[in-house]
Every structure is written in C-alpha cells, then in structure tokens.
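Worksheet: the structure to be examined is printed underneath.
The values are calculated or read from the model by the stated rules, or taken from the named source; none is laboratory data. The shown structure was predicted, so the numbers you read here are calculated from the model rather than taken from an experiment. So basically every Cβ, Gly included, is an ideal-geometry build from the backbone, and we count neighbours across all protein chains shown. For accessibility, only protein heavy atoms count, side chains too; no ligands or nucleic acids. Shrake-Rupley method; radii C 1.70, N 1.55, O 1.52, S 1.80 Å.
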Amino acid sequence: MEPDQRRAPLTRDQARNLDLRLVPGLRNRLIAELAARDIPAHQYASYLSILTGRAVQTVARWIDADQPGLPDLASLAVLALQLNVDTQWLLGLLQHRLDCPYDRMPQPLLAELYPDGPPSADWIGALLPPIGASTARKAGIMRGAEMAPLIPDGTPFFYDATQARISCNGIYLLAYDGQTLVRHVERRIGEGLLLRCENARYADSLLKDADGAAAKLTVLGRVLLVVSVTAL
C-alpha cells in the first residue's frame, strides 16, 4: 500500500535517502543554547545532565565534537521544555528559533510544569509561520499615508523579494522615478499598470505600455504581511 502523496510528499526511496542533517545540526543548536546562557564550554555536559536528569556520559554524546549522537525522544522533549525551544527547531526542521509551544501542550502536562500558570506567549514566534521561513522574505517600513488605513505610516511589512514582476494583481513594493512606493497594482490589458493607493486622498497613476512608462517600473517584491499594533 502506497501512502497518499498529498499527505506524504516523498516516495519510499526519497524518504530512505533524505538527509535531514540532524547530525551535527542538533549538536550545534544545543551548544548555541548553552552559550547564550553563558555556560562555560567545559561545563556543557554537566549542565545538560542536571537539566535533563540524564547521565553525563549520555548527554556528552549529544555534543561530541567528532561523532555527535542524537537524544532519545523523551530526552529531546525534556530538552525542549527546559531550554524553552521548539523541538522542530532543535532538529533543524525550522529555520527560525521558536519558543516551546505551551499553548499546544496537554493541560495535565502544562499544569505539572507550571502550577502557577504558563509563561508569556511567544507572539513573535506566532508571526513567523505566515511570513515563511525563507531568506526571500524581507522587511520594510511604510513611509507615507498613501496606503492608510490598510498600511499606516510607520507600519512594518514583509514582502517576497523573489516576486520581481507583476505576475498577478496585488500589493507590491516598487521603485519608480527615484522613489520607493507601496501600491495596489492592477494590470490592465492593452493599457498598462494601474498603481492605486488605499487612501482616497491620493490619486491613482496609470503607467501606460504605449509610452514605455510601465517598463521603467522596478518590482522589489510582493507585500505578504502587515504588522499593525493599535493602542487602546
């Protein structure tokens, strides 16, 4: 019986030969976590032993310089809880470091770990999945009121720098005539590109194909996400 490829994207042979780079990736991430806590290198093994309740000889294998080993599943879970880090990041399956997802833990385990209540939510980490774990996602700051109230002046936004042409209508970061702009862009067949502001106080601009105006436009990327915080 073959698994449904919509749920299992790899074939049997691909899964067998897939290199997840768990070693030495996990060792490097563990060392980074310990270094961030100012633990001296010669105390890494003893610190991990105290942290996890495992023998020094066992935890020393996880950070061995030549032949690092992998922790068992229970030890990996304890490491994630004690270091407050997502297991997927420890395993190298995420590019960005995320805190331990307390909001998805079983309630009995959460009550045992934190009888006085769970720690504060990692709201920054919650923003990362919709942005996408890719170096192509870049951040910008909106300058001007042309896109208000959708993107107010001073609002951070994220854009996909790989989308360097107008493949479909949407909101794009653009360079035109020495200016950097954020605009709704609509392609009008036989006419050109309509650059539209969200704010009705600002006029739309039509860059016509006929006079070459549209060709002078540089697409820096497509805007994917806007981060807006409103004080109440």
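A compact table of results
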read-out: Any hit, the range 61-68, residues being farther than 20 Å from LEU98 by Cα and either hydroxyl-bearing (Ser, Thr, Tyr) or in a helix (DSSP H, G or I) (or both); value: yes
read-out: Scope the range 155-168; condition surrounded by 14 or more Cβ atoms within 10 Å (Cβ to Cβ), more than 12 Å from MET142 (Cα to Cα) and of a type in the set (S, T, N, Q); matching residues; value: GLN163
read-out: ARG16 farther than 29 Å from LEU109 by Cα, open to solvent by 70 Å² or more (accessible area, probe 1.4 Å) and in a helix (DSSP H, G or I); value: yes
read-out: Only listed residue being hydrophobic (A, V, I, L, M, F, W, C), surrounded by fewer than 18 Cβ atoms within 10 Å (Cβ to Cβ), free of Cβ contacts under 8 Å to residues at least 12 places away in the same chain and farther than 24 Å from ILE141 by Cα, chosen from ALA200, ALA215; value: ALA215
read-out: Close pairs from the range 154-171: first free of Cβ contacts under 8 Å to residues at least 40 places away in the same chain and more than 9 Å from ARG222 (Cβ to Cβ), partner assigned to a strand (DSSP E or B) and open to solvent by 50 Å² or more (accessible area, probe 1.4 Å), Cβ under 7 Å, at least 6 apart; value: GLY154/ILE141; ASN169/GLU186; ASN169/ARG187
read-out: Within the range 32-74, tally of residues that are touching a Ser or Thr at 6+ places or on another chain (Cβ under 7 Å) and either polar (S, T, N, Q) or open to solvent by 40 Å² or more (accessible area, probe 1.4 Å) (or both); value: 4
read-out: Selection within the range 166-218 - modelled with pLDDT of 90 or more and among the acidic types (Asp, Glu); value: GLU186, GLU198, ASP204
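One line per residue, one yes/no per condition, for (1) of a type outside the set (Phe, Trp, Tyr); (2) surrounded by 15 or more Cβ atoms within 10 Å (Cβ to Cβ); (3) outside any helix (DSSP H, G or I):
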{"position": "LEU30", "(1), (2), (3)": "yes, yes, no"}
{"position": "LEU76", "(1), (2), (3)": "yes, yes, no"}
{"position": "TRP89", "(1), (2), (3)": "no, yes, no"}
{"position": "GLN95", "(1), (2), (3)": "yes, no, yes"}
{"position": "CYS100", "(1), (2), (3)": "yes, yes, yes"}
